[in-house]
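Novice: For reference, the structure I am asking about is given below.
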Amino acid sequence: MPRFTTVALAAGAALLVRRAVRSRMTSAPLWPLPSLETPVSGYGRGATVPRRVLVTGRAVPAEGVVELRLEGERLPSWEPGAHLDLVLPSGQIRQYSLCGDPAQPDVYRIAARLIAEEQGGRGGSREVHEQLHEGVEIEVRGPRNRFPLVSSPAYVFVAGGIGITPVLPMVRAAEAAGADWRLVYCGRTRASMPYLADLVRIGGDRVTVVAEDEDGYPDLSFLAQVPAEAQVYCCGPDGLMDAVAAAMPEGRAPRLERFSAVAPADGTPFEVELRRSGRTVAVAADQSVLAAVREEVPGLMYSCTQGFCGTCRQTVLDGEVDHRDELLTDAERADSMLICVSRCAGKKLVLDL
């Protein structure tokens with residue numbers, strides 16, 4: 001497996017330049033890839049309906065990572081980049097990227113890394129690891145896709161740790177479509193990086209492995225040489241995604257998928273009127289709408305607190321919303337908000353509560 005070198009990545013960027021010009025999209029993809037003009041999709045076919053699936057297999061693709069095979073009848077189709085909502089035995093809802101084969105009917109595959117409480121885990125990954133065994137039935141919702149793979153003659157993928165899960169189907173799709181692609185795959189150690197052997201087998205020297213204990217942090221300066229024809233995708237820790245965005249040429253942005261909400265950097269206080277109850281609550285600069293409203297409505301439903309699951313969605317009757325979720329479509333945002341992360345862009349919001 002190749003070690004990380006700036007020279008190798010620079011050479012790879014140059015190769016992408018030459019190949020992007022030739023644009024050798026000669027073979028048909030396994031499924032239709034959306035065009036650049038295709039809007040970001042919400043739910044797939046039939047995906048708004050909660051479904052019961054059966055855990056039919058477990059695997060350990062890396063240290064601290066478990067892969068689940070989920071089977072059910074008439075499961076909605078999906079495309080690379082999609083994620084699934086799992087309703088865990090405790091009632092918590094967590095999101096996991098689909099990392100299997102979209103062409104395989106009625107089978108979903110997800111992978112979860114165990115995150116300890118002292119590392120910021122909130123118990124969801126522990127439930128997956130300790131309670132979801134073969135034979136267990138579980139409810140799922142989705143798939144949804146806010147990280148779609150667009151059609152392109154060339155791609156650069158950058159993934160960190162468990163962030164490889166949405167990227168793995170993208171790599172397979174790019175390979176099947178005959179596109180030129182390169183992957184920079186980062187992790188703490190090689191043993192902690194899921195699907196590493198599979199990716200090297202698919203891509204050979206197009207896969208650059210950056211294990212922190214061997215190579216330190218990745219040098220992403222090669223991204224400044226990526227041609228305009230190439231799409232850049234990144235998923236992983238916030239620090240990696242911020243670094244990728246900073247390394248891009250001026251005026252260009254990578255396509256990112258974050259697994260946590262963007263924290264308010266410039267929060268300001270505002271008021272929320274609860275129209276049906278006739279009460280008004282103050283939301284502090286460092287407080288979520290959800291936390292403030294639950295002081296008046298303690299039984300208000302919520303789950304992920306990160307803008308992914310939609311449990312806390314509320315109807316907005318008046319006011320301008322600063323949307324910070326990763327779920328709602330533009331049409332849904334016209335009259336709704338996820339109060340766990342989104343805020344007011346002005347001084348007051350009116351909710352149908």
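Novice: Could you count how many residues in the stretch 69-78 are farther than 17 Å from residue 103 by Cβ and crowded, with 23+ Cβ neighbours inside 10 Å?
Specialist: 0
Novice: Within the stretch 274-299, which residues are of a type outside the set (Ser, Thr, Tyr) and touching a residue at least 40 places away in the same chain (Cβ under 8 Å)?
Specialist: Once the filter is applied, which keeps residues that are of a type outside the set (Ser, Thr, Tyr) and touching a residue at least 40 places away in the same chain (Cβ under 8 Å), the stretch 274-299 yields 274, 275, 276, 283, 289, 290, 293, 297.
Novice: For the condition touching a Ser or Thr at 6+ places or on another chain (Cβ under 7 Å) and modelled with pLDDT under 95, what is the one hit in 312, 340?
Specialist: Of the residues listed, the single one that is touching a Ser or Thr at 6+ places or on another chain (Cβ under 7 Å) and modelled with pLDDT under 95 is 340.
Novice: Looking only at the stretch 153-194, which residues are over 17 Å from the mean Cα position of the chain (by Cα) and among the aromatic types (Phe, Trp, Tyr)?
Specialist: 155, 181
Novice: Can you report the number of residues in the stretch 292-339 which are in a loop (DSSP other than H, G, I, E, B), in contact with a helix residue (DSSP H, G or I) (Cβ under 9 Å, 6 or more places away or on another chain) and among the β-branched types (Val, Ile, Thr)?
Specialist: Matching residues across the stretch 292-339 total 2.
Novice: Identify all residues within the stretch 229-256 that are free of Cβ contacts under 8 Å to residues at least 40 places away in the same chain and either on the phi > 0 side of the Ramachandran plot or among the small types (Gly, Ala, Ser) (or both); write none if there are none.
Specialist: The answer is 239, 243, 245, 246, 247, 251, 253.
Novice: Here is a further query. I'd like the residue in the stretch 324-337 that is surrounded by 19 or more Cβ atoms within 10 Å (Cβ to Cβ) and more than 20 Å from residue 279 (Cα to Cα) and, out of all such residues, is modelled with the lowest pLDDT.
Specialist: Of everything passing the filter in the stretch 324-337, 326 is modelled with the lowest pLDDT.
Novice: For residues that are assigned to a strand (DSSP E or B), surrounded by 22 or more Cβ atoms within 10 Å (Cβ to Cβ) and modelled with pLDDT under 95, tally how many sit in the stretch 141-198.
Specialist: Of the residues in the stretch 141-198, 3 are assigned to a strand (DSSP E or B), surrounded by 22 or more Cβ atoms within 10 Å (Cβ to Cβ) and modelled with pLDDT under 95.
Novice: Which numbered condition trips up residue 130, out of (1) assigned to a strand (DSSP E or B); (2) surrounded by fewer than 21 Cβ atoms within 10 Å (Cβ to Cβ); (3) of a type outside the set (S, T, N, Q)?
Specialist: Unmet condition: (1).
Novice: Have a look at 81, 100, 124 and point out the one that is surrounded by 14 or more Cβ atoms within 10 Å (Cβ to Cβ), closer than 18 Å to residue 305 by Cα and not aliphatic (A, V, I, L, M).
Specialist: Every option except 124 fails the conditions.
The values are calculated or read from the model by the stated rules, or taken from the named source; none is laboratory data. Being a predicted model, the structure only gives us computed values, none of them experimental. Glycine gets a Cβ as well: all are built from the backbone with ideal geometry, and neighbour counts include every protein chain shown.
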